[in-house]
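Comments concern the structure below.
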Amino acid sequence: MSSPPDPSLDSLSHPADPWPDWLWQLAQSALPAFLTRQRWYPAKDAGTPQVAPADRIALPFLDQSAAVTVWQVTPPGRKPLHLFVALALARAGSVMDNDVIAPIPPDKSPAGEAQVLVEGFALDGFVRAWMDLLLQPGGGRYRPARLVAQASAALSGRATEGAGEHLAIRRGSAEQSNTSIRIGDDMILKVYRRLEPGINPELEVGRFLTGEAKFSATPSMLGWFNLDAAGGEGQQTLAILQAFVSNDGDGWDWLLKRLARGAGGDTAALAGSLAWLKRLGTRTAGMHRAFAIDCTDPAFQPEPVGAADLRAWSDDTTAMAARALDGLAAGRDRLPTAAATAADHLLSRRDRLQAKVGSLLQDGLVRGDQFTNGADFHKTRHHGDYHLGQVLVADNDAIIVDFEGEPMRPLAERRGKHAALRDVAGLLRSLAYAAAAARRALPADLAADARTAAESRLSQWEAEAGRSYLDAYLAAAQGMRGCPTDRAAAERVIRFFMLEKALYEINYELANRPDWVAIPLQGVLDLLDDQGDGGGDGGHGDRS
């Protein structure tokens, strides 16, 4: 269905009795089917969920024909989730079919006007009114008591009556776990769907990096929306507003386009990508240096890494290795031939893998409970889900985004301190996933000699890309508390986290894309065979 112009706030009609019980019941009964159609719903593969209300607030800025709602959603066989859905009424035909939750029964609609219950952020009028919570001084008459909308100093100067009324609204189409909406020419609203008690890490980190740490290579935090949860359970972050950075796409898509040209012999495209990766290495070190500053906020103050941390990281990765090996053994028969062969090779080296996991963070780093010379470093906040898709390419610079962490991990874990070098490992693995994706994209009818030449160029690029990024990072990270001062020690830590990431990827690919599992399998095998101290060549990575 086409989407005609969004109705204005004044023309959005509503029942005479705003949000009566039957309307809440209609929403609850229709939400299970609606959720499974949404790209941001995290359990689409699990079947139809059970839905129960957890919290709701009517929004007066649409004459109470809109509401903030939080639902406890329980997918079959999984733990309950709490999801944020904005509700609003609109005329039938005014939104895309996918945004309609349910039609309003004819006897409940105004005479002569068919209405539908929709997801509020599908309506431009809703988004503009939502923005006025920040842009109108004091939030005007719109703000319910438990909905906290706060503008940063960078946004406060724009606050005027009706400031949101004429803002252009543009919605993104990318697959993601949240909803992103362009506001005007220079802002982007990010709506979180999965909620947990406490501040969202992206809000917390964004305020810290662009405020106290003065880190310029990430979008400015302009404002945020928190909900005082029912029952006194603290605040939940519903949405943030950031500066929009004009860009040439994310690092993943940008690199794949250049690899496609480079595979065909365009050496300039490959050289340009390597120059950008050096810039990305420098920017990554700048981010980690910002995380390592002294501050008064205990959530960001660096803490020395101890031998107990190393043991805990090794134990966690040992358990992940066991899950990966068990998954490979159980799922071997459904793997493609090349992946099954690699799986057999890794399964035959189970003892070697466990020994490698146990030794990487011990040999050459600690003696007893003390670090050896040059190996000491601090744990800090870090990105936590760092890959090429989390970086924007802007005028040959690198802008780092999306500090939410891995969405399926618990909030406390995403807010925790860790080794910042874990981000470096994630990006190195992402580079090789890009090379693998470029190999897969080669034309099926490519002549054998041309295919061999193209694959050789991509393999050479993969090695050079890892070196370019890592060398630039370590040069810029000199003297930073989040990185060991000894390069060999730093690279040993990076190799450990590359191994951790590859094992995670095996589990992910087995569950979601078995035909891709050969990529992390080869990454683990390469790391098992690596006897040196280098950490930057040929790591395989996941964009997601």
Just name the residue that is farthest from Ile400 (Cα to Cα) out of those in the range 304-338 that are touching an Asp or Glu at 6+ places or on another chain (Cβ under 9 Å) and exposed (fewer than 13 other Cβ atoms within 10 Å of the Cβ). Ala308
Within the group Ala398, Ala438, Ala453, Ala447, which residue is more than 29 Å from Ala489 (Cβ to Cβ), at pLDDT 95 or above and surrounded by 20 or more Cβ atoms within 10 Å (Cβ to Cβ)? Ala438
Selected residue (criterion: surrounded by the fewest Cβ atoms within 10 Å (Cβ to Cβ)) from residues of the range 76-100 that are within 17 Å of Arg409 (Cα to Cα) and touching a helix residue (DSSP H, G or I) at 6+ places or on another chain (Cβ under 9 Å): Arg78
Given (1) outside any helix (DSSP H, G or I); (2) touching a Leu at 6+ places or on another chain (Cβ under 7 Å), number of the condition Ser246 does not satisfy: (2)
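Every residue, every condition in (1) of a type in the set (D, E, K, R); (2) assigned to a helix (DSSP H, G or I), yes or no:
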{"position": "Trp254", "(1), (2)": "no, yes"}
{"position": "Arg261", "(1), (2)": "yes, yes"}
{"position": "Ser273", "(1), (2)": "no, yes"}
{"position": "Lys278", "(1), (2)": "yes, yes"}
{"position": "Thr282", "(1), (2)": "no, yes"}
{"position": "Gly286", "(1), (2)": "no, yes"}
{"position": "Asp294", "(1), (2)": "yes, no"}
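I'd like the residue in the range 460-512 that is in a helix (DSSP H, G or I) and among the basic types (Lys, Arg) and, out of all such residues, is surrounded by the most Cβ atoms within 10 Å (Cβ to Cβ). So that I can check it myself, show each step before the final result.
Initially, the range 460-512 is screened for residues in a helix (DSSP H, G or I), giving 460-476, 487-512.
If we keep only those that are among the basic types (Lys, Arg) too, we end up with 467, 487, 492, 495, 501.
Numbers: Arg467: 18, Arg487: 19, Arg492: 23, Arg495: 24, Lys501: 28.
Checking each candidate, the answer is Lys501.
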Go through Gly364, Gly374 for me and flag whichever is on the phi > 0 side of the Ramachandran plot, of a type in the set (Gly, Ala, Ser) and in contact with a Pro (Cβ under 9 Å, 6 or more places away or on another chain). Gly374
Kindly establish whether Ala27 is aliphatic (A, V, I, L, M) and surrounded by fewer than 16 Cβ atoms within 10 Å (Cβ to Cβ). no
Quick one: His418 ticks every box in (1) touching a residue at least 40 places away in the same chain (Cβ under 8 Å); (2) surrounded by 15 or more Cβ atoms within 10 Å (Cβ to Cβ) bar one, so which box is it? (1)
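Would you call Glu212 surrounded by fewer than 21 Cβ atoms within 10 Å (Cβ to Cβ), in the same structural domain as Leu155 (by TED's automatic domain parsing) and touching a residue at least 12 places away in the same chain (Cβ under 8 Å)?
Here the answer is yes, as Glu212 does meet what is asked.
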Residue check, Pro49 at pLDDT 95 or above, surrounded by 15 or more Cβ atoms within 10 Å (Cβ to Cβ) and within 27 Å of the chain's Cα centre (by Cα): yes
Quick one: Trp40 ticks every box in (1) under 23 Å from the mean Cα position of the chain (by Cα); (2) without any contact (Cβ under 8 Å) to a residue 24 or more places away in the chain; (3) not in a helix (DSSP H, G or I) bar one, so which box is it? (2)
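If I go through the range 190-219 residue by residue, how many of them are of a type outside the set (Gly, Ala, Ser) and in contact with a helix residue (DSSP H, G or I) (Cβ under 7 Å, 6 or more places away or on another chain)?
6
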Out of the residues in the range 405-446 meeting the condition of being part of a loop (DSSP other than H, G, I, E, B) and in contact with a Leu (Cβ under 9 Å, 6 or more places away or on another chain), tell me which one is nearest to Phe377 (Cα to Cα). Gly405
Among the candidates Val127, Val70, which residue alone is in contact (Cβ under 8 Å) with a residue 24 or more places away in the chain, closer than 15 Å to Gln25 by Cα and either crowded, with 19+ Cβ neighbours inside 10 Å or of a type in the set (Val, Ile, Thr) (or both)? Val70
Please find, among Leu280, Leu361, the residue that is surrounded by 14 or more Cβ atoms within 10 Å (Cβ to Cβ), within 30 Å of Ala217 (Cβ to Cβ), at pLDDT below 95 and in contact with a helix residue (DSSP H, G or I) (Cβ under 8 Å, 6 or more places away or on another chain). Leu361
Which condition from (1) acidic (Asp, Glu); (2) modelled with pLDDT under 95; (3) surrounded by fewer than 16 Cβ atoms within 10 Å (Cβ to Cβ) is the one that Asp344 breaks? (2)
Quick check on Ala230: is it touching a residue at least 40 places away in the same chain (Cβ under 8 Å) and within 25 Å of the chain's Cα centre (by Cα)? no
For Asp537, indicate whether it is outside the structural domain of Asp363 (by TED's automatic domain parsing), in contact with a Ser or Thr (Cβ under 8 Å, 6 or more places away or on another chain) and at pLDDT below 95. no
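Taking the options Asp376, Asp369, Asp294, name whichever one is of a type in the set (D, E, K, R) and either within 30 Å of Leu525 (Cβ to Cβ) or within 27 Å of the chain's Cα centre (by Cα) (or both). Write out each step before concluding.
Working: Asp376 fails: either within 30 Å of Leu525 (Cβ to Cβ) or within 27 Å of the chain's Cα centre (by Cα) (or both); Asp369 fails: either within 30 Å of Leu525 (Cβ to Cβ) or within 27 Å of the chain's Cα centre (by Cα) (or both).
Among Asp376, Asp369, Asp294, only Asp294 is of a type in the set (D, E, K, R) and either within 30 Å of Leu525 (Cβ to Cβ) or within 27 Å of the chain's Cα centre (by Cα) (or both).
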Please go through the range 342-371 and pick out each residue that is in a loop (DSSP other than H, G, I, E, B) and among the hydrophobic types (A, V, I, L, M, F, W, C). Leu361, Leu365
Working only within the range 207-239, note down all residues that are among the small types (Gly, Ala, Ser), at pLDDT 95 or above and either outside any loop (DSSP other than H, G, I, E, B) or closer than 20 Å to Leu59 by Cα (or both). Ala239
Condition first: within 20 Å of Ala312 (Cβ to Cβ) and touching a strand residue (DSSP E or B) at 6+ places or on another chain (Cβ under 7 Å). Now tell me which residues in the range 384-425 satisfy that. Leu411, Lys417, His418, Ala419, Ala420
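The values are calculated or read from the model by the stated rules, or taken from the named source; none is laboratory data. Keep in mind it's a predicted model, so treat the numbers as computed, not measured. Backbone-built Cβ (ideal geometry, glycine too); neighbour counts: all protein chains shown.
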